[in-house]
Amino acid sequence: VHLVESGGGLVQPGGSLRLSCKVSGILFRLYPMRWYRQAPGRGRDWVSSIGSNGIGYSDSVKGRFTISRDDAKETVYLQMNNLAPEDTGVYYCNSPNHDAWGQGTQVTVSS
């Protein structure tokens, strides 16, 4: 299983970014996917999930972030709007059924 995140970068508060995670090595459409983030000096926190059971968000991102997936492209996305400095961190995608992680993509929100 191979996961590759992209789309991170430096953005000002209030800005937007869209993260992508390309997945290979599994029958992508069958499995749920998750996004996590790790802020400096902190553990890895769950951000959002998408799967046959639906979609979920942590309270800290609800209403600002949107998770989606394109099964034909084997890719999961995280649209992040109205970003704030506390959203800074490394964002990882995860396939929970395979305990597989990507290498992460850095998101920095700063003026």
**OP:** Would you tally the residues in the stretch 90-111 being of a type outside the set (A, V, I, L, M, F, W, C), part of a strand (DSSP E or B) and either open to solvent by 50 Å² or more (accessible area, probe 1.4 Å) or within 29 Å of Gln12 (Cβ to Cβ) (or both)?
**Re:** 6
Original post:
Filtering the stretch 42-61 down to residues that are open to solvent by 70 Å² or more (accessible area, probe 1.4 Å) and in a strand (DSSP E or B), which residue is nearest to Asn94 (Cα to Cα)?
Top reply: Trp46
Original post:
Does Leu78 qualify as being open to solvent by less than 20 Å² (accessible area, probe 1.4 Å) and outside any loop (DSSP other than H, G, I, E, B)?
Top reply: yes
**OP:** Of the conditions (1) over 23 Å from Gly15 (Cβ atoms); (2) open to solvent by 40 Å² or more (accessible area, probe 1.4 Å), Met33 clears all except one; give me its number.
**Re:** (2)
Subject >> When residues of the stretch 19-30 are limited to those that are touching a residue at least 24 places away in the same chain (Cβ under 8 Å) and surrounded by fewer than 14 Cβ atoms within 10 Å (Cβ to Cβ), the one nearest to Ser60 (Cα to Cα) >> reply: Arg29
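Okay, residues lined up against (1) aliphatic (A, V, I, L, M); (2) touching a Pro at 6+ places or on another chain (Cβ under 8 Å):
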position: Lys62; (1), (2): no, no
position: Thr66; (1), (2): no, no
position: Asp71; (1), (2): no, no
position: Met80; (1), (2): yes, no
position: Glu86; (1), (2): no, no
position: Val90; (1), (2): yes, no
position: Asn97; (1), (2): no, yes
position: Ala100; (1), (2): yes, no
position: Ser111; (1), (2): no, yes
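The values are calculated or read from the model by the stated rules, or taken from the named source; none is laboratory data. All values reported here derive from a predicted model rather than from experimental measurement. Neighbour counts run over all protein chains shown; Cβ positions are idealised from the backbone, glycine included. All accessible areas refer to the heavy atoms of the entire protein, side chains included, with ligands and DNA or RNA removed. Shrake-Rupley method; radii C 1.70, N 1.55, O 1.52, S 1.80 Å.
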